[in-house]
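Each remark here refers to the structure printed beneath this line.
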Amino acid sequence: MTDAAPPLIYLPGVQGDPSLLDRARGHLNAHHRLIEVTYPRPSEWSLADHARALDDLLDTLELDAAHLLAESFGSLVGLEFGLSRPERVRSLIMVGGFCRPVAEGRAMFARGALGTLPSSWLERGLQLVASLNDAGEDLEDEMGWAAIPRVASQSPRARKAAANRLAIIARTDFSRRLGEIQFPVRYIGGSADAVVPVLSEVSLLRRRLNPRSGFQSHIIPLGPHSILMSDAEQTARRVRRWVSEIDAAI
């Protein structure tokens, strides 16, 4: 795809890299200038650090603004960036995303993210995520486990960074700032998502986002959390439709 195509920056989930984009990549590349992000691996990075890095990336690519395709944890990065640099966001498209600590408790998120790991790793992950908000918790002392299966084969530093992203999820809540957002926001998720309570998130976004965001959502029946893998073509088709509509309205 040429540089004239709409720029679409993929912000990954907890795994921190575009590995879950394998099945959707071709569909997205066919109509967008797809830019895939891998998060740096410092285990102490905050959302503000992620947002500053995204700002630097746009400068490097000489882009005034771009569409953000934000999957899961990437939604928090997109929200942080959009609230600090709204003029650089053409749209925020959340894929199985969320704006607050996952309802039903942090353990539900860990169970969905860690579900295919050995039970001993899962139990330790649940214990860590359940205690992230405890005073004095030193995350650096807790990192002997993989945040999600794709991270299991990565380096210890990558696993620490992924665990830090889980910690960010547990303590971040943008729900009271949604009214500040005026750029277009869209949401696509699966009705069978075992990680994020999709219908609850959509309801909250619809109620609290500024009407100027023109919020729209699309739910894929029986779709899991990783719909970019399970329903790659359908998800990419919906993304293309939204991007085209938003750019046509500019």
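Just so it is clear, none of the values below were taken in a lab; they were calculated from the coordinates. Bear in mind that the values here come from a model prediction, so they are computed numbers and not experimental data. Cβ coordinates were reconstructed from backbone atoms using ideal geometry, including for glycine residues, and neighbour counts include every protein chain displayed.
If you take the beta carbon distance between Glu180 and Asp64 as r and set R0 to 22 Å, what does 1/(1 + (r/R0)^6) give as a FRET efficiency, to the nearest 0.05? Working shown, then result.
Values: r = 21 Å, r/R0 = 0.95.
Once the sixth-power term is evaluated, E becomes 0.60.
Subtracting the Cα-Cα distance from 0.36 nm times the residue separation, let me have the gained length for Met229 to Leu83 in nm, one decimal. Don't jump to the answer; show the numbers that get you there.
On the way: separation 146, 0.36 × 146 = 52.56 nm, distance 2.87 nm.
Fully extending the segment from Met229 to Leu83 adds 49.7 nm.
Could I have the simple spin-label model distance between Asp56 and Leu222, label points 7 Å from Cα toward Cβ, reported in nm to one decimal?
Placing both labels 7 Å along Cα→Cβ, they lie 4.6 nm apart.
Just check the stretch 24-72 against the gyration tensor rule for me: Cα atoms, a ≥ b ≥ c as the square roots of the eigenvalues, rounded for a/c under 1.5, and otherwise prolate or oblate depending on whether a/b exceeds b/c. Show your work: numbers first, answer last.
Details: a/c = 2.51, a/b = 1.51, b/c = 1.66.
It comes out oblate by the Cα gyration axes.
Given H placed on each backbone N at 1.01 Å, which residues far from Ile35 in sequence or on other chains put an amide H within less than 5 Å of it?
Placed amide hydrogens put Leu8, Ile9, Tyr10 under 5 Å from Ile35.
Suppose the chain between Ala194 and Ala249 were pulled fully straight at 0.36 nm per residue; how much longer would it get relative to their current alpha carbon spacing? Show your work: numbers first, answer last.
On the way: separation 55, 0.36 × 55 = 19.80 nm, distance 3.51 nm.
Stretched out fully, the Ala194 to Ala249 stretch lengthens by 16.3 nm.
Provide Rg over Rh for the stretch 171-250; use the alpha carbon set for both Rg and the Kirkwood Rh (inverse mean inverse pair distance).
Details: Rg = 13.3 Å, Rh = 13.5 Å.
Checking Rg against Rh, the ratio lands at 0.99.
Per residue of the stretch 216-228, what does 6.51 cos²θ - 1.76 cosθ + 1.60 with θ = phi - 60° give for ³J(HN,Hα)? Whole Hz please, x for Gly and Pro, Karplus curve as stated.
The phi angles translate into 9, 9, 9, 10, 8, x, 6, x, x, 5, 8, 6, 5 Hz.
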